[in-house]
Amino acid sequence: MKVEIPFGDGIETVDVSDEAIGGVISPNELGDCDEGAALRAALSNPIGSDGLAEFLQGASSALIIVNDATRPTPTAKILDQICPELENLDVKFIVATGIHRAPTEEEYRLIFGERYDEIESRVFSHDSKESEMVLLDTTKRGTEIRVNKMVTEANRIVVIGSVEPHYFAGYTGGRKAFLPGVCAYETIEQNHKHALAVEAQVLTLDGNPVHDDMEDAMACLEKYSIFSIMVVLDRNRKICSAYAGDIDSTFNAAVQKADEIFVVNMSTKADVVVAVTLYPQDVDLYQSQKALDNAKYAVKDGGVIILVSACRTGVGPPAFLKLLGSAETPEEVRVKIAEGYKLGYHKAAKIAEIELKMKMYAVTNLEPSIATRAHLIPMRSVQEAVDTALAEMGEGAKVTFIMDAVFTVPRVQSAYEQTKPIH
């Protein structure tokens, strides 16, 4: 059987015997979607809030918070639907980068589409270290909520996002537009430290300390007027469902739909899993690590995960790689984290957790020495990686391909008992 694997801007074809194929899985198919109709229906039927026109009534200014280019959110399509409502306002746009770098020119145009030339002077990128911040309050867990001053100055705030599974916050979307989206570096560091907890897992909300802390952060923003537009994308990255109105209500509704699409049942674990990272999450190793974390639920102990990602711009925020490169074993990674947490160490912790149970190969554009520092075994091609892994696992070994591993969560009962969705 030949399997076509997206890699960078091309395709790698892998030839595997039919007997060795355990499965090829992707997000569930829900049928054709009318993106415009989904958005119009959401805006016409707001949840827990007035409609957008009523929400904006009496305002002189509005701030639109949007995702950066590491998220698949179709921001431009959503703006096409709502911009007529914004015509008479002083509107600014802020890209909620969290700790990520500012978008490139190409990425700004990807985010905003043809509208970018018109609004460029009113588009700003949040900088967690350099933007002017305002301290709002402190959460129950001691996180100091410092947000970009632009948030506090706006008469109205409109949040645009998409909801997908997230490996330690449970899900993307909703409250993540603010924390980490437009918060100070120190705030994000304090929140993300909770990712080290065993309860901080994909699909988990109740009892997840990262999510709980983010919810507390939203309580600090109660006095601000916020309107949320959350979408859920299908396997082809098209809008299949949309929700508008109150930020908590839209997030919770989107979570239910996200489960239908991204949680994929498997009958048994595989010996080898190929975790394919699609654009734009293949931007760097920092983002691509999420594919490893989802794939671990589909692999037998002692098996192999093969990460496939172009890592187009390299490593990304370097703290996790620096830690991994200074530790020879996963146990040593844990010791170093215990000595003092820094933002990014949660990535190293998640990789170390996987390394305790299975091997990790990597097909990337990174220098082999960099992959090795990240405790990944570099391979020159997907074919080489699959052949090597199957040979290592021995006679009868099977390989499963996860074609969008950053967002696809495999559900094998024995592997999933501790990560059932809790809403």
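The values are calculated or read from the model by the stated rules, or taken from the named source; none is laboratory data. Predicted model, so just to flag it, every value in this text is computed and none were measured. Here the Cβ is made from the backbone with ideal geometry for all residues, glycine too, and neighbour counts use every protein chain on show.
Worth pointing out:
- Criterion (under 22 Å from LEU56 (Cα atoms) and among the hydrophobic types (A, V, I, L, M, F, W, C)) met by exactly one of VAL134, VAL151, VAL163: VAL151
- Qualifying residue in the stretch 291-313 (condition: within 24 Å of MET403 (Cβ to Cβ), part of a loop (DSSP other than H, G, I, E, B) and of a type in the set (Asp, Glu)): no
- Residues located in the stretch 379-388, provided they are in contact with an Asp or Glu (Cβ under 8 Å, 6 or more places away or on another chain) and surrounded by 20 or more Cβ atoms within 10 Å (Cβ to Cβ): VAL382
- Looking at the stretch 316-423, the helices (runs of 4 or more DSSP H) lying wholly inside it that each contain 1 or more residues that are without any contact (Cβ under 8 Å) to a residue 40 or more places away in the chain and farther than 22 Å from VAL16 by Cβ sit at 319-325, 330-339, 345-355, 368-373, 413-416.
- Residue in the stretch 210-225 that is more than 30 Å from ILE25 (Cα to Cα), within 16 Å of the chain's Cα centre (by Cα) and either in the same structural domain as ASP127 (by TED's automatic domain parsing) or aliphatic (A, V, I, L, M) (or both) present: yes
Let's see how each residue does on (1) touching a residue at least 12 places away in the same chain (Cβ under 8 Å); (2) of a type in the set (A, V, I, L, M); (3) in contact with a Cys (Cβ under 8 Å, 6 or more places away or on another chain); (4) more than 27 Å from ASN294 (Cβ to Cβ):
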residue	(1), (2), (3), (4)
GLY22	yes, no, no, no
ASN28	yes, no, no, no
ASP32	no, no, no, no
ILE78	yes, yes, no, no
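- Scanning the stretch 13-40 for residues that are of a type outside the set (D, E, K, R) and over 26 Å from the mean Cα position of the chain (by Cα) returns THR13, VAL14, VAL16, SER17, ALA20, ILE21, GLY22.
- Scope the stretch 128-151; condition outside any strand (DSSP E or B), in contact (Cβ under 8 Å) with a residue 24 or more places away in the chain and either over 25 Å from the mean Cα position of the chain (by Cα) or closer than 22 Å to HIS211 by Cα (or both); matching residues: SER128, THR139, LYS140, ARG141, GLY142, THR143, VAL151
- Residue count for the stretch 281-306, restricted to those that are under 16 Å from the mean Cα position of the chain (by Cα) and aliphatic (A, V, I, L, M): 5
- Failed criterion for GLU118 (all others in (1) over 21 Å from the mean Cα position of the chain (by Cα); (2) part of a strand (DSSP E or B) hold): (2)
- Test for THR104: is it of a type in the set (Val, Ile, Thr), out of contact with any helix residue (DSSP H, G or I) (no Cβ under 8 Å at 6 or more places or on another chain) and either closer than 22 Å to HIS166 by Cα or not assigned by TED's automatic domain parsing to the domain that holds HIS192 (or both): no
- Taken together, the residues in the stretch 306-331 that are closer than 13 Å to GLU353 by Cα and either buried (at least 24 other Cβ atoms within 10 Å of the Cβ) or among the small types (Gly, Ala, Ser) (or both) amount to 1.
- The stretch 216-287 holds strands (runs of 3 or more DSSP E) entirely within its bounds, and those carrying 2 or more residues that are surrounded by 24 or more Cβ atoms within 10 Å (Cβ to Cβ) map to 226-233, 239-245, 270-276.
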